[in-house]
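Undergrad: Pasting in a structure now, in structure tokens, and then I'll have a few things to ask.
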Amino acid sequence: MKTMIPILLALSTSASAAERFTCNLSVLTKAERARDHELMMILSVSVLEKKDLPDGYAFRFDAGKLPNLAEWINIVAKCCQPLTYRIELGPQPGGALWARFTGAEGVKEFLDGEMDEFFRRMPASATARAQ
């Protein structure tokens, strides 16, 4: 029954974003937590563009980051389950690689807290494009 509580909270409109969305790091192994941090460090400085979406954020990367991005999202999706993750790769060579993190109302507040270090490490040029 405990596993149902975060899901029910995620659907509740009266709960705060912190209550609706949870990141349960305990589901990750020690190796996965270490790899999550390592990949976050690599990818955060590799963001070419950040877009605000009505229901989350989108990040553009060089297509060569696809293996790192796919591995990272696979890890993150285990612990941050109420979110939707989408990877989009445009025609190659030269097509854009986008990662979208989206969810229900309040997801941006949740992501702002959970991805604080990621956002702080992003190049200024990636955030300048979004304004």
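The values are calculated or read from the model by the stated rules, or taken from the named source; none is laboratory data. Please read all numbers here as calculations on a predicted model, not as lab measurements. Counting neighbours? That spans all protein chains shown, and the Cβs are built from the backbone with ideal geometry, glycine included. Ligands, DNA and RNA are excluded from the accessible area calculation, which covers all protein heavy atoms including side chains. Shrake-Rupley method; radii C 1.70, N 1.55, O 1.52, S 1.80 Å.
Undergrad: On the basis of being modelled with pLDDT of 90 or more, open to solvent by less than 70 Å² (accessible area, probe 1.4 Å), under 18 Å from F21 (Cα atoms) and basic (K, R), does R100 make the cut?
TA: The answer is yes for R100.
Undergrad: Do you know which residues across the stretch 80-96 are open to solvent by less than 80 Å² (accessible area, probe 1.4 Å) and under 14 Å from the mean Cα position of the chain (by Cα)?
TA: The answer is C80, P82, L83, T84, Y85, I87.
Undergrad: Can G106 be described as open to solvent by less than 50 Å² (accessible area, probe 1.4 Å) and closer than 19 Å to P54 by Cβ?
TA: In short, yes.
Undergrad: Among (1) open to solvent by 50 Å² or more (accessible area, probe 1.4 Å); (2) within 21 Å of V27 (Cβ to Cβ); (3) in a helix (DSSP H, G or I); (4) aliphatic (A, V, I, L, M), where does A77 come up short?
TA: For A77, the failing item is (1).
Undergrad: Just give me the residues in the stretch 43-67 being open to solvent by 60 Å² or more (accessible area, probe 1.4 Å), under 18 Å from G90 (Cα atoms) and in contact (Cβ under 8 Å) with a residue 40 or more places away in the chain, in sequence order.
TA: L48, K51, listed by residue number.
Undergrad: Go through (1) buried (at least 19 other Cβ atoms within 10 Å of the Cβ); (2) part of a loop (DSSP other than H, G, I, E, B); (3) of a type outside the set (D, E) and name the single condition W72 misses.
TA: Among (1) buried (at least 19 other Cβ atoms within 10 Å of the Cβ); (2) part of a loop (DSSP other than H, G, I, E, B); (3) of a type outside the set (D, E), W72 violates only (2).
Undergrad: For the stretch 51-59, indicate whether the set of residues that are in a loop (DSSP other than H, G, I, E, B) and within 13 Å of the chain's Cα centre (by Cα) is non-empty.
TA: Yes, that holds for at least one residue.
Residue by residue, here is whether (1) at positive phi; (2) hydrophobic (A, V, I, L, M, F, W, C); (3) touching a Ser or Thr at 6+ places or on another chain (Cβ under 9 Å) holds:
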site: A77; (1), (2), (3): no, yes, no
site: P82; (1), (2), (3): no, no, yes
site: P91; (1), (2), (3): no, no, no
site: A96; (1), (2), (3): no, yes, no
site: G106; (1), (2), (3): yes, no, yes
site: D112; (1), (2), (3): no, no, no
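Undergrad: Please go through the stretch 29-41 and pick out each residue that is loosely packed, with under 14 Cβ neighbours inside 10 Å and among the aliphatic types (A, V, I, L, M).
TA: Answer for the stretch 29-41, where residues must be loosely packed, with under 14 Cβ neighbours inside 10 Å and among the aliphatic types (A, V, I, L, M): A31, A34, M41.
Undergrad: Regarding D112, is this residue open to solvent by 50 Å² or more (accessible area, probe 1.4 Å), among the acidic types (D, E) and free of Cβ contacts under 8 Å to residues at least 24 places away in the same chain?
TA: yes
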